[in-house]
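Enquirer: I have a structure I would like to understand better, so I am pasting it below and will then ask my questions one at a time.
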Amino acid sequence: MADSTALRARDTIYAGGEWRAAVSGATREILDPADARAFAVVAEGDEKDTDLAVAAARRAFDEGPWPRTPVTERAALLRRVADLLVRDREELGLLEAQDAGKTVEEGRVDIDCVADAFRYFADLVAEAPGRVVDAGSPDIHSVVVHEPVGVCALITPWNYPLLQASWKIAPALAAGNTFVVKPSEITPMTTVALIGLLTEAGLPAGVANIVTGPGHTVGARMAEHPDVDLVSFTGGLVSGTKVAQAAAPTVKKVALELGGKNPNVVFADACATEEGFDTAVDQALNAAFIHSGQVCSAGARLIVEESVRDRFVAELARRAEKIRLGRGTEDGVECGPLVSAQQREKVESYVDSALKEGAVLRCGGKRPEPAPERPASGYFYEPTVLDRCHREMRVVREEVFGPVLTVETFRTEDEAVALANDTEYGLAGGVWTADPGRARRVAGRLRHGTVWINDFHPYLPQAEWGGFGKSGTGRELGPAGLAEYRETKHVYQNLAPAPVRWFRG
Ligand code: NAD
């Protein structure tokens, strides 16, 4: 598998229906974060490759059949793509696991979710026509119709490489757009594979284009390009701000899905029974440590009622210490490495600064001992629980994007809400309580794009995903996730034209 991937990965730029090497000839090695060894080599594109891909997408939009293809045919193609994803689930799941440092099971679940996104937007687009407007006169025919936006620039991160790409590619295609996608330079493999599946499903040349390469060259050029009509970006706050600035002079549509610093609020009443306590602890563990915390919606801030803090944190730390770290393909491994050396160093610097600021380490806080399933060269880091944290600490305010859970406490409902909303982000939050009234009250007051009550992490393709505050603008998934990729046009037809006589001369 690694060999065939390496061979195929040589020409990973696809523009106008042709696989190509970078114009400069540059390449990049793709590393397996479990052992830091290269398992593939891809083309390292730059601005020149981006211009070629955008030109191909522009031509396909202006002259090609796709924007004018009947919606039922577009939906049928998306369903074929979903079937191909199911066919290749094992291979793609493994590739995603190897590239992004996930367990194979997580990789497979990601591919299932990608297929679901294609099916969802296929169904939605067929059911989301324009509308007839009653203009109040039988002589006026007024309709509001949806049209594709044009050439879409899609820029994605490394934590859920194919899933994040599918939340953009599926609605963009459903709506009749053409696109250029730029995956994260460190995890491009499954997005490259998806482009192959789109072609196999029958997408016309030039509709789907990919440029593998860095953000500061390829991504920046996509954002500023005058022939791009829309840029949809998922990634960090700093890069997202640059994308918005680069896009502004050409007034293209911009959608940003950025980071989060997500609160998980646990009321004591949720822990009143043994079963409730066990569930809340288990889910807090999952919220913080799945995919080593490299999740935009990770429940990285535990905000727990003071009366249950000691028992809750002790049990949480006990279970966190037992999480089995290792290469995602090894049996029994529950959590993979961090994605890169740089990401692990960033996590380490946050933990260091938290300890200097007075946080109390309950578990983790270091690299694990190497083991057969965990080579010393891999980027592993132990799940870490930092108790006695407060809102002035950097580790509480900034997105760590690693396996680091901070603990804060509250005494009243108002205090819990104030703490949960005390973030410049606003992506997601959870509330655990046995009191249904409190659950609804608190959910109503949280300033976050997704609120989970007595759960954490699930999403539905039918429900919008996105952030308040600095977590971004726009929404993915749900009807709003399709609307991002559509222009809305009002067509007003006068069936009995006559002079207006406003001007009498
Ligand atoms: P990143 O911002 O470093 O990179 C994201 C993408 O942007 C990459 O493809 C990168 O090459 C590109 N990029 C970087 N600089 C650019 C520039 N100047 N112009 C254009 N493109 C540029 O983010 P990352 O480290 O890959 O991903 C982690 C971040 O993504 C976290 O902050 C996480 O919260 C966020 N994220 C958000 C969501 C969401 O749904 N809100 C989902 C997943 C990840």
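Enquirer: Rounded to the nearest 0.05, what FRET efficiency do residue 412 and residue 26 have when you use their Cβ-Cβ distance and R0 = 41 Å? Working shown, then result.
Expert: On the way: r = 58 Å, r/R0 = 1.41.
Efficiency, rounded to the nearest 0.05: 0.10.
Enquirer: Still on this structure: In region 18-63, which chymotrypsin sites (Phe, Trp or Tyr not before Pro) are in a loop and have at most 10 other Cβ atoms within 10 Å, using DSSP for the loop call?
Expert: Working: sites: 19, 39, 61; in loops: none.
The qualifying sites: there are none.
Enquirer: Just check region 22-102 against the gyration tensor rule for me: Cα atoms, a ≥ b ≥ c as the square roots of the eigenvalues, rounded for a/c under 1.5, and otherwise prolate or oblate depending on whether a/b exceeds b/c. Intermediate values should be presented prior to the final figure.
Expert: Working: a/c = 4.51, a/b = 1.29, b/c = 3.49.
In terms of gyration-tensor shape, oblate.
Enquirer: Among DSSP beta bridges whose residues both lie in the chain, state the antiparallel percentage, nearest 5. The partial results should precede the final answer.
Expert: On the way: 29 of 66 bridges.
Here the antiparallel bridges make up roughly 45 percent for the chain.
Enquirer: With an 8 Å cut-off on Cα pairs and a minimum separation of 6 or more residues, tell me the relative contact order of region 259-299 in percent.
Expert: Numbers: 30 pairs, mean separation 22.4, N = 41.
Dividing the mean separation by the residue count of region 259-299 yields 55 percent.
Enquirer: Amide H neighbours of residue 150 under 5 Å, counting only residues 5+ apart in sequence or on other chains, H built in-plane at 1.01 Å?
Expert: 178
Enquirer: Step by step: find N for region 325-442, compute 2.2 N^0.38 Å, then divide the Cα radius of gyration by it. What's the final number? Present the calculation step by step, with values, prior to reporting the outcome.
Expert: Working: Rg = 16.9 Å, N = 118, 2.2 N^0.38 = 13.5 Å.
For region 325-442, the normalised Cα radius of gyration comes out at 1.25.
Enquirer: Quick check: the distance between the Cα centres of region 347-398 and region 32-84, to the nearest angstrom?
Expert: 38
Enquirer: Run the quick spin-label model on residue 391 and residue 273: label points 7 Å from Cα toward the beta carbon, then report their separation in nm to one decimal.
Expert: It works out to 3.4 nm between the two label points.
Enquirer: Which value in deg cm²/dmol, rounded to the nearest 500, describes the helix-derived mean residue ellipticity at 222 nm for the chain, given -39,500 (n - 2.57) per DSSP H run of n ≥ 4 and division by the residue count?
Expert: Working: 16 runs with 196 residues, N = 505.
Calculated at 222 nm, the ellipticity per residue is -12000 deg cm²/dmol.
Enquirer: Here are some pairs, 322/470; 168/252; 242/489; 261/346; 102/366; which of them have Cα atoms lying more than 25 Å apart in this structure?
Expert: As for pairs spanning more than 25 Å Cα to Cα, those are 322/470; 242/489.
Enquirer: In bins 5 Å wide, starting from 0, what share of all Cα pairs of region 361-505 does each bin hold, as a percent?
Expert: Histogram of Cα-Cα distances, whole percents per bin: 2, 7, 11, 14, 14, 12, 10, 8, 6, 4, 3, 3, 3, 2, 1, 1, 1, 0, 0.
Enquirer: By per-residue mean of other Cβ atoms within 10 Å, what is the highest-first order of 393-399, 166-172, 335-341? All intermediate terms of the calculation are to be shown ahead of the outcome.
Expert: Working: 393-399: 19.6, 166-172: 28.7, 335-341: 23.6.
Per-residue Cβ counts within 10 Å, averaged per peptide and sorted highest first, yield 166-172, 335-341, 393-399.
Enquirer: How high is the relative contact order of region 218-306, given as a whole-number percent (alpha carbon pairs under 8 Å, six or more residues apart)? Numbers along the way, then the final one.
Expert: Values: 116 pairs, mean separation 24.5, N = 89.
The value is 28 percent.
Enquirer: Given R₀ = 56 Å, FRET efficiency for residue 282-residue 69 by Cβ-Cβ distance, to 0.05? Kindly include the intermediate steps, with their values, before the conclusion.
Expert: Numbers: r = 47 Å, r/R0 = 0.84.
Efficiency, rounded to the nearest 0.05: 0.75.
Enquirer: Can you give the net charge of the other residues whose Cβ lies under 10 Å from the Cβ of residue 281, counting K and R as +1 and D and E as -1? Display every interim value, and only then the final one.
Expert: Numbers: positive: 311, 318, 319; negative: 278, 282, 315.
Local charge sum for residue 281: 0.
Enquirer: With contacts defined as alpha carbon pairs under 8 Å and 6 or more residues apart, what's the relative contact order of region 357-469 in percent?
Expert: Working: 154 pairs, mean separation 21.3, N = 113.
Reported as a whole number, the value is 19 percent.
Enquirer: HN-Hα J couplings of region 104-112 from phi, Karplus 6.51/-1.76/1.60, θ = phi - 60°, integer Hz, Gly and Pro as x?
Expert: 4, 4, 4, x, 5, 4, 4, 5, 4
Enquirer: What list of ³J(HN,Hα) couplings, whole Hz, do you get for region 379-396 from phi and the Karplus terms 6.51, -1.76, 1.60, once you set θ to phi - 60° and write x for glycine and proline?
Expert: 9, 7, 8, 6, x, 10, 10, 10, 8, 6, 8, 8, 5, 7, 6, 4, 5, 8
Enquirer: Test of understanding: extend the Cα→C-beta vector of residue 105 to 7 Å, then name every residue of region 419-461 with backbone N under 14 Å from that spot.
Expert: So the set is empty, nothing qualifies.
Enquirer: If you don't mind, another one. Each residue of region 194-202 in turn: what ³J(HN,Hα) in whole Hz from Karplus with 6.51, -1.76, 1.60 and θ = phi - 60°, glycine and Pro shown as x?
Expert: Listing the rounded values in order: 4, 4, x, 5, 4, 5, 4, 6, x Hz.
Enquirer: Per-residue counts of other Cβ atoms within 10 Å, averaged by peptide: what ranking do you get for 273-280, 47-54, highest first? The partial results should precede the final answer.
Expert: Details: 273-280: 14.4, 47-54: 22.6.
Result, highest mean Cβ count within 10 Å first: 47-54, 273-280.
Enquirer: Going 7 Å from the Cα of residue 377 along its beta-carbon direction, which residues of region 18-47 have the amide nitrogen within less than 19 Å of the resulting point?
Expert: Residues 28-42 qualify, since their backbone N sits under 19 Å from the label point.
Enquirer: Distance in nm between label sites at residue 137 and residue 331, each 7 Å beyond Cα in the beta-carbon direction?
Expert: 7.8
Enquirer: Another one. Gain in length, residue 489 to residue 355, computed as 0.36 nm per residue apart minus the alpha-carbon separation, to one decimal in nm? It would help to have the intermediate numbers written out before the result.
Expert: Numbers: separation 134, 0.36 × 134 = 48.24 nm, distance 5.60 nm.
Here the segment from residue 489 to residue 355 would lengthen by 42.6 nm.
Enquirer: For the chain, what class follows from the C-alpha gyration tensor (a ≥ b ≥ c being the square roots of its eigenvalues): rounded when a/c is under 1.5, otherwise prolate if a/b is larger than b/c, else oblate? Write down the numbers at each step before the final one.
Expert: On the way: a/c = 2.10, a/b = 1.34, b/c = 1.56.
It is oblate, given that a/c is not under 1.5 and a/b is not larger than b/c.
Enquirer: Hey, with R₀ at 35 Å, roughly what FRET efficiency would residue 41 and residue 473 work out to, going by the Cβ-Cβ distance, to 0.05?
Expert: Numbers: r = 36 Å, r/R0 = 1.03.
E between residue 41 and residue 473, to the nearest 0.05, is 0.45.
Enquirer: Any idea how far apart residue 496 and residue 346 come out in nm if each label point goes 7 Å out from Cα toward Cβ?
Expert: 6.5
Enquirer: Could I ask something else about it? From the square roots a ≥ b ≥ c of the eigenvalues of the alpha-carbon gyration tensor of region 444-505, which class results: rounded (a/c under 1.5), prolate (a/b over b/c), or oblate?
Expert: Numbers: a/c = 4.42, a/b = 3.10, b/c = 1.43.
Prolate.
Enquirer: Looking at region 402-447, which GluC sites (Glu not before Pro) are DSSP coil and have at most 14 other C-beta atoms within 10 Å of their C-beta?
Expert: Numbers: sites: 408, 413, 415, 424; in loops: 424.
Those that pass, being in a loop and sparsely packed, are 424.
Enquirer: Counting only DSSP beta bridges with both residues in region 121-235, what percent are antiparallel, rounded to the nearest 5? Intermediate results must be reported in sequence, preceding the final value.
Expert: Numbers: 3 of 15 bridges.
Roughly 20 percent of the DSSP beta bridges within region 121-235 come out antiparallel.
The numbers here are math on the coordinates, done by the rules we state, and not lab data. Note that the structure is predicted; figures quoted are calculated from it, not measured. Methodologically, a virtual Cβ is constructed for each residue, glycine included, from the backbone with ideal geometry; neighbour enumeration extends over all protein chains shown.
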